[in-house]
Amino acid sequence: MSIKNNLLQIKSTLPSTVTLVAVSKTKPIPDLMEAYDAGQRIFGENKIQEMAEKWEAMPKDIEWHMIGHVQTNKVKFMAPFVSLIHGVDSLKLLHEINRQAKKNNRIIDCLLQIYIAEEESKFGLDEDELSGIIRFITQNNEIYKNIRIVGLMGMATFTDNQEQIKKEFTHLKSIFDNHKNLKSEICNLKSLSMGMSGDYQLAIECGSTMVRIGSSIFGGR
């Protein structure tokens with residue numbers, strides 16, 4: 001099937017409450033343009049340099065989501081244009097995003113990444129660290145005027161065990177529910193980004209509002 005057909009097939013199965021991020025990392029611009037021409041406007045990349053090159057070359061009504069692990073020294077390269085940063089896992093990184101957003105006269109939306117997998121290789125905060133960060137930036141909202149915490153993100157363990165994945169997604173949803181009433185100018189949790197090509201339907205059943213789908217749209221890497 002073509003990229004267009006894959007995309008339309010997936011979109012036809014998604015509830016209206018769920019946002020589709022087309023994960024386009026490593027894919028050439030003509031592939032992204034095929035998805036764009038089929039109506040897709042949100043693309044997710046995991047390398048800042050590659051995302052910046054695509055942003056330069058492609059239509060300016062695209063929302064670019066940074067879905068990979070972010071190094072603080074690279075934030076400046078995406079600060080002029082990035083729409084949403086998914087993997088924010090430290091106060092230090094939030095501070096740098098805020099600093100670079102201010103330089104560009106922007107407010108950048110962020111998701112805090114929660115560690116839910118039983119794998120050492122994944123990044124993220126535990127629930128205590130999450131509470132601490134939310135408390136700190138809310139108390140210091142005069143400093144953090146150029147970021148908005150709009151939700152949480154998590155990645156399940158890479159496994160075929162559906163029960164384990166479901167347990168991890170359910171855990172993340174409960175953390176999201178525990179914190180979504182802590183509303184302030186810079187923190188209002190509305191988005192829950194969980195689920196990828198192999199498990200997005202299960203993630204939606206567990207309460208995801210944003211899915212990151214790559215290979216099911218663009219084919220394998």
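The values are calculated or read from the model by the stated rules, or taken from the named source; none is laboratory data. Every value quoted in this text rests on a predicted model; they were computed, and no experiment measured them. Counting neighbours? That spans all protein chains shown, and the Cβs are built from the backbone with ideal geometry, glycine included.
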* Asked: Does A156 satisfy the condition of being touching a helix residue (DSSP H, G or I) at 6+ places or on another chain (Cβ under 7 Å) and at pLDDT below 95?
  -> yes
* Which listed residue is of a type in the set (A, V, I, L, M, F, W, C), surrounded by fewer than 16 Cβ atoms within 10 Å (Cβ to Cβ) and in contact (Cβ under 8 Å) with a residue 40 or more places away in the chain, from L182, L192 -> L182
* Going through segment 137-156 one residue at a time, which ones are in a helix (DSSP H, G or I) and either within 15 Å of V88 (Cα to Cα) or in contact with a Cys (Cβ under 7 Å, 6 or more places away or on another chain) (or both)? -> I137, T138
* Go over the candidates S197, S191, S184 one by one and state the one that is under 15 Å from the mean Cα position of the chain (by Cα) and part of a loop (DSSP other than H, G, I, E, B). => S197
* Asked: What do you reckon, is L130 over 22 Å from M78 (Cβ atoms), aliphatic (A, V, I, L, M), more than 14 Å from the chain's Cα centre (by Cα) and in a helix (DSSP H, G or I)?
  -> yes
* Does segment 26-59 hold any residues that are hydroxyl-bearing (S, T, Y) and on the phi > 0 side of the Ramachandran plot, and which are they? -> T26
* To do: Kindly indicate whether any position in segment 106-116 is modelled with pLDDT of 95 or more and over 18 Å from the mean Cα position of the chain (by Cα).
  => yes
* Does E56 satisfy being among the acidic types (D, E), closer than 28 Å to G207 by Cβ and surrounded by fewer than 21 Cβ atoms within 10 Å (Cβ to Cβ)? -> no
* Asked: When F176 is evaluated against the numbered criteria (1) assigned to a helix (DSSP H, G or I); (2) in contact (Cβ under 8 Å) with a residue 24 or more places away in the chain; (3) over 17 Å from the mean Cα position of the chain (by Cα), which criterion, by number, is the only one it fails?
  -> (3)
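Conditions tested, residue by residue: (1) closer than 15 Å to V23 by Cβ; (2) at pLDDT 95 or above.
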position	(1), (2)
D160	no, no
S174	no, yes
S184	no, no
G198	yes, no
* Looking for whichever is among the hydroxyl-bearing types (S, T, Y), out of contact with any Cys (no Cβ under 6 Å at 6 or more places or on another chain) and over 22 Å from M66 (Cα atoms) here; the options are S197, S215, S184. Which one fits? => S184
